[in-house]
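The values are calculated or read from the model by the stated rules, or taken from the named source; none is laboratory data. None of the values given here were measured: they were computed from a predicted structure. Cβ atoms come from the backbone with ideal geometry, glycine included; neighbour counts cover every protein chain shown. All accessible areas refer to the heavy atoms of the entire protein, side chains included, with ligands and DNA or RNA removed. Shrake-Rupley method; radii C 1.70, N 1.55, O 1.52, S 1.80 Å.
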Amino acid sequence: WQLLTELLHHDPATPELGAVLAPDGSTVALGPLLAGIEAGLRSGGFGRPLPTLDPPADPLLAVTITEALGTSFLLAQGSDHNATALGPGGCWDDVENLQNYTLRGPPSPVPDPVAIGAMDGAVLGARLARGPLPVAELLRGYYGTGNGSEVGRPPSSYRRRNFGALAGQGRLEKEVAAVLELLRTLSPTSELLRDVGTQGVVAVAHRAAREFSERYVECPAIMPRCLWGARPYRGTPAPLQPPLGSVFLHHTLEPSRPCQTFGACARAMREMQRFHQDTRGWDDIGYSFVVGSDGYLYEGRGWHWVGAHTKGYNTQGFGVGIVGDFTATLPDPDTLALVRDELLPCAVRFGHIRPDFILRGHRQLVHTDCPGNALFEEIQSWPGFQ
């Protein structure tokens, strides 16, 4: 109880407190997670019943995300400078011996761990509202144990899809507007809304729901370099000039088996980086991004730096590698969908690649079997393939 009290102590000056690293590799704020679990239990008949809110608002979404989301966008709107309403992400100090988590930029009321904890709290709260389940069992089943023995990925890797199904952009917008009207009746939050009329609330709710959905629901999660334990870049990276016109798809070949847990994928990233730096003499891991079969993207050179993935074409496009050997077999359908239906459309939306981008397999540009016969045949039906 002392540990939980310390973790849940909210101090706006240090919003990174109260975040834990889950076995699936996601950094989760405990406040909204446990609030969602409590709301789910109470709506399922355990403990005191939930209050009826006026104006009507969903208590589960109110305690997990809509109050924080509405407040964050109100504060950003009223700021004199370009304040952000979402993010940032952060880094753990030592991937092998975690102690401290630090945000990578000026904090908003909804940094990434709060957004992730809120989505998890809403999903788990909705599950508990349907019937009893011991909380420890619920959490173990949701996040996985992280020991590499699981078959398939843990349910937490589907949080974006499941939260989107629970509270799509339309419902999220309505709930943010409802909770802002509720805050108008409470002190001290009533001061925030003193000069904001009903139409202003609707506009804030629309923007908040749209930007939250774009960032946390429709686009894939990217594990930053600091989380998988990347070595430093050697030398000075060359900047890319986005938007780029191409995406080049690869398979890693080694490791040959898809990685299905965060621990396995992080080890694969470190092994590939060591091979690329120490054996091939490159400045860094060659790929722009690597796709695991655990439901996550892993940052290599990222969006901003020239990679070493497709000789002669590195400045013209991003190199995306999928962990595994796909000569005879395909990645699982969810991994294919992550690249085809989430990564590529989001890269267009945020200006990293052009809307008329060209998708190619590595073998079309370099003498190689990459990305494997099975995967190369698959991508010929994807948008942008030439």
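Brief remarks follow.
- Taking 0.36 nm per residue of sequence separation and removing the Cα-Cα distance, the residue 241/residue 210 pair yields an extension gain of 8.4 nm.
- Taking Cβ separations below 4.7 Å as the criterion for a possible disulfide partner, the isolated cysteines in the chain are 370.
- Computed from the Cβ-Cβ distance with R0 of 22 Å, the FRET efficiency linking residue 377 to residue 280 stands at 0.20.
- Under a Gaussian network description of the chain, with springs only between Cα atoms under 10 Å, the residue in 168, 36, 121 that fluctuates furthest is 168.
- Considering only the chain, percent of DSSP beta bridges that pair antiparallel, nearest 5: 35
- All other residues whose Cβ lies under 14 angstrom from that of residue 57 are scored, Lys and Arg at +1 and Asp and Glu at -1, for a net of -3.
- Difference of contour (0.36 nm per residue) and Cα-Cα distance, residue 171 to residue 186: 3.1 nm
- The chain: most fluctuating residue of 355, 32, 154 per GNM, C-alpha cutoff 10 Å: 355
- Summarising the label geometry, the points placed 7 Å from Cα in the beta-carbon direction at residue 196 and residue 46 lie 3.4 nm from one another.
- The fraction of Cα-Cα pairs per 10 angstrom bin, counted from 0 for the chain, comes to 5, 22, 31, 24, 14, 5, 0 percent, rounded to whole percents.
- What a 1.4 Å probe finds exposed on region 244-380 is 49% carbon and sulfur by accessible area, rounded to a whole percent.
- Ellipticity estimate at 222 nm from DSSP helix runs (n ≥ 4, -39,500 (n - 2.57)) divided over the chain, nearest 500: -10000 deg cm²/dmol
- Cβ-defined net charge surrounding residue 234, 13 Å radius [Lys, Arg +1; Asp, Glu -1]: +1
- Look at the Cα gyration tensor of region 244-380: its axes a ≥ b ≥ c give a/c under 1.5, and that counts as rounded.
- Amide H contacts under 5 Å for residue 244: 353, 354, restricted to partners 5 or more places along the chain or on a different chain, H placed in the peptide plane at 1.01 Å from N.
- Most mobile of 262, 46, 376 in a GNM of the chain (Cα contacts under 10 Å): 46
- Per residue, in Å², the accessible surface of the chain once ligands and nucleic acids are set aside, probe 1.4 Å: 47
- Charge tally for residue 194 (other residues, Cβ to Cβ under 15 Å; Lys, Arg +1; Asp, Glu -1): -2.
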